[in-house]
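A short write-up of the structure that comes next.
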Amino acid sequence: MLILALESSCDETSAAVVEMDDGLRRIRSNLVASQIAVHRLYGGVVPEIASRAHIEAITSLTRDALTEADCTLADIGAVGVTASPGLIGALLVGVNFAKSLAYANHIPLVPVNHVRAHVAAALLAHPDLRPPFLALVVSGGHTSIYGVEDYTDYRLLGGTRDDAAGEAFDKVGRVIGLPYPGGAAMDRLASLGDPHAIKFPSPALPGDTLDFSFSGLKTAALNHLNAEAQRGTPIAVEPDCLTAGPAADLAASYTDTIVRGVVKKAGAALSQTKYNALVLAGGVAANSHLRAGLEALCAKRGAALYLPPLSLCGDNAAMVGAQAYYEYCAGVRGTTALNASACD
Ligand code: KG4
Ligand code: ZN
């Protein structure tokens, strides 16, 4: 069946058409209108601006996604939309647009959880992938480990108690002069530095818990930056010209600490559970150091690792459409009373 999917939970408006059936997972179109250039002026996402930009983009983007998929609304079997979690105003734009479209055209409406949608990106990329598996979701808003028993049966095994990994990358990136969101540039900068230059506290909480805490690590990095500034040796980068040096050493040490912490808990999750496959998901899944760390872990453990392609790591509607299909099969439907929720 063809699913029209919409995503508007944060700072990307996206519309996609995916074709899903038993044994078939195909992206027919997946258009993303990014608002990053607008929010960059403010150093982070401004929720009100995000909502307005979603309103401006969503109609034409949906039309273009249908055209590119070579179909019309008459061919669509379900409309999937991210209904939670995210910025409430931003989510409401997608939810209300999807509700109207579905109601007016007599198409079933399927609300989708954004975190599950990130995991579904791996389902699109790996046609052979089936639950059960472990899912490690690392994004701007989440750092969580789930036991995925079935396509719609998610069990939270651990997660961050404060900030998310993406947020931690963006915050330090911003302080050293990288434009929002700094995650991808931090990744490149880290490749130029010494990962053992500075010792930072691990985000992996001690003991058997699968929980994380990034706030201590973030504060330690900011303290380091303040101390260097007070010493008269401030650490900063030219975003267009990343080179080896103190900023690269900081990025490398900080990244190494995050990667080790996340890999440690992923390893603990594999040990503590029966799962022998690990799916990486979310915007931070694009991080080359994290991908390498998890590849090494899974090779050592003999576990299968499913990485999303870089094109499906960030927010996009194709992943929403893939998850919508499985929610639809499980009988999940949204009515005209469907509301958005900022929380999971
Ligand atoms: O999943 P996503 O697009 O949005 C949320 O649902 O939060 O994730 C965005 C996050 C941002 O924090 C961004 O800096 C981070 O993913 N990110 C990266 C990389 N690419 C994007 N973080 C580290 N390394 C990267 N290569
Ligand atoms: Zn996301």
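Annotations for the structure displayed:
- For region 117-163, the Kirkwood radius over C-alpha pairs fed into Stokes-Einstein at 20 °C and 1.002 mPa s yields D = 191 µm² per second.
- Across the chain, the longest run free of exposed loop sites, meaning trypsin sites (Lys or Arg not before Pro) lying outside DSSP classes H, G, I, E and B with no more than 16 other Cβ atoms within 10 Å, spans 1-160.
- Projected label distance in nm at Glu238 and Arg63, using a 7 Å step from Cα toward the beta-carbon: 4.4 nm
- Per residue, the chain reaches -13500 deg cm²/dmol at 222 nm when only DSSP H runs of four or more residues are counted, each adding -39500 (n - 2.57).
- Residues with amide H under 5 Å from that of Val112, placed H, sequence gap 5 or more: Val81, Thr82, Ala83, Ser84
- Measuring spread by the Cα atoms of region 41-196 yields a radius of gyration and Dmax of 18.5, 59 Å.
- Unit Cα scatterers, Debye sum, region 220-344: log10 I(q)/I(0) for q = 0.14, 0.23 Å⁻¹: -0.88, -1.29
- Amide H contacts under 5 Å for Arg28: Val17, Val18, Glu19, restricted to partners 5 or more places along the chain or on a different chain, H placed in the peptide plane at 1.01 Å from N.
- Förster-model FRET efficiency, 35 Å R0, Asp70 and Val38, C-beta, rounded to 0.05: 0.65
- Between Lys274 and Ser341, the FRET efficiency estimated from the beta carbon spacing at R0 = 25 angstrom works out to 0.20.
- Subset of Lys264/Lys300; Lys274/Lys300; Lys218/Lys264; Lys199/Lys300; Lys199/Lys264; Lys199/Lys265 violating a 24 Å alpha-carbon distance limit: Lys199/Lys300
- Most mobile listed residue (Ser144, Ser14, Ser60) in the chain, GNM with C-alpha springs under 10 Å: Ser60
- Annotation: average projected area of the chain is 16.8 square nanometres, based on the convex hull of Cα atoms across all directions.
- Computed extension length for Arg155-Ala197: 11.3 nm, one decimal, from 0.36 nm per residue of separation with the Cα-Cα distance subtracted.
Every number here is computed from the coordinates shown, using simple stated rules; none is lab data. If you're wondering where the values come from, they're calculated on a predicted model, not measured in any experiment. All Cβ positions, even for glycine, are placed from backbone atoms using ideal geometry, and neighbour counts span all protein chains on display.
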